[in-house]
1. If I go through the stretch 21-71 residue by residue, how many of them are part of a loop (DSSP other than H, G, I, E, B), among the aliphatic types (A, V, I, L, M) and touching a Lys or Arg at 6+ places or on another chain (Cβ under 9 Å)?
2. If you check Cys64 against the conditions, is it modelled with pLDDT under 90, among the hydrophobic types (A, V, I, L, M, F, W, C) and within 19 Å of Ala115 (Cα to Cα)?
3. Pull out all pairs, ordered by first then second residue, where Cβ-Cβ is under 8 Å, the residues are six or more apart or on different chains, the first lies in the stretch 10-32 and is closer than 25 Å to Lys86 by Cα, and the second is hydroxyl-bearing (Ser, Thr, Tyr) and modelled with pLDDT under 85.
4. Search the stretch 62-76 for residues that are surrounded by fewer than 16 Cβ atoms within 10 Å (Cβ to Cβ) and pair each with any residue that is β-branched (Val, Ile, Thr) and in a loop (DSSP other than H, G, I, E, B) when their beta-carbon atoms are under 9 Å apart and the residues are at least 6 apart or on different chains.
5. Does any residue of the stretch 11-26 turn out to be touching a Ser or Thr at 6+ places or on another chain (Cβ under 8 Å) and surrounded by fewer than 21 Cβ atoms within 10 Å (Cβ to Cβ)?
Amino acid sequence: MKAIEKKNARRKRRKQHVRKNVTGTADRPRLTVFRSNKNIYAQIIDDMAGHTLAAASTAEKDVCEDQASKGNCKGAKLVGQVLAEKATKVGIKKVVFDRNGCAFHGRLKELAEAARKGGLEF
């Protein structure tokens with residue numbers, strides 16, 4: 001097994017520990033974050049209905065036009081702001097945060113703080 005496969009397997013195992021306790025309802029949907037080396041993706045999901053209510057990522061052209069700030073903290077902050085705006089338009093104020101097996105620092109922390117400043121509670 002290659003080193004990257006081991007790393008992904010460990011992250012998936014941590015993800016399962018988080019997901020067994022965190023579920024999104026209609027009242028408090030789940031805000032989940034996925035980060036790759038080049039982009040960061042965030043979406044608000046109602047797990048009971050199985051629907052994505054709002055989503056934002058640095059891969060979208062209207063969110064992040066600057067190529068240099070796609071995979072870093074600046075891009076994560078932009079995604080958090082845009083996601084908070086989209087959530088308030090849909091009528092979402094409270095969410096449950098799903099860190100998706102990643103440590104809560106760096107890009108994840110910047111995204112969460114920007115979403116909190118945008119009006120989301122978690």
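1. Residues that pass the stated criteria total 2.
2. yes
3. Matching pairs, first to second residue: Arg30/Thr23.
4. Within 9 Å, the pairs are Ser69/Thr58.
5. The answer is no; no qualifying residue exists.
Yes/no per residue for (1) within 23 Å of Gly119 (Cα to Cα); (2) among the β-branched types (Val, Ile, Thr):
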{"residue": "Met1", "(1), (2)": "no, no"}
{"residue": "Lys15", "(1), (2)": "no, no"}
{"residue": "Val22", "(1), (2)": "yes, yes"}
{"residue": "Pro29", "(1), (2)": "yes, no"}
{"residue": "Thr32", "(1), (2)": "yes, yes"}
{"residue": "Ile40", "(1), (2)": "yes, yes"}
{"residue": "Asp46", "(1), (2)": "yes, no"}
{"residue": "His51", "(1), (2)": "yes, no"}
{"residue": "Ala54", "(1), (2)": "yes, no"}
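The values are calculated or read from the model by the stated rules, or taken from the named source; none is laboratory data. Keep in mind that what you see is a predicted model, and the values were worked out from it rather than measured. A quick note on method: Cβ atoms are made from the backbone with ideal geometry, for glycine too, and the neighbour counts reach across all protein chains shown.
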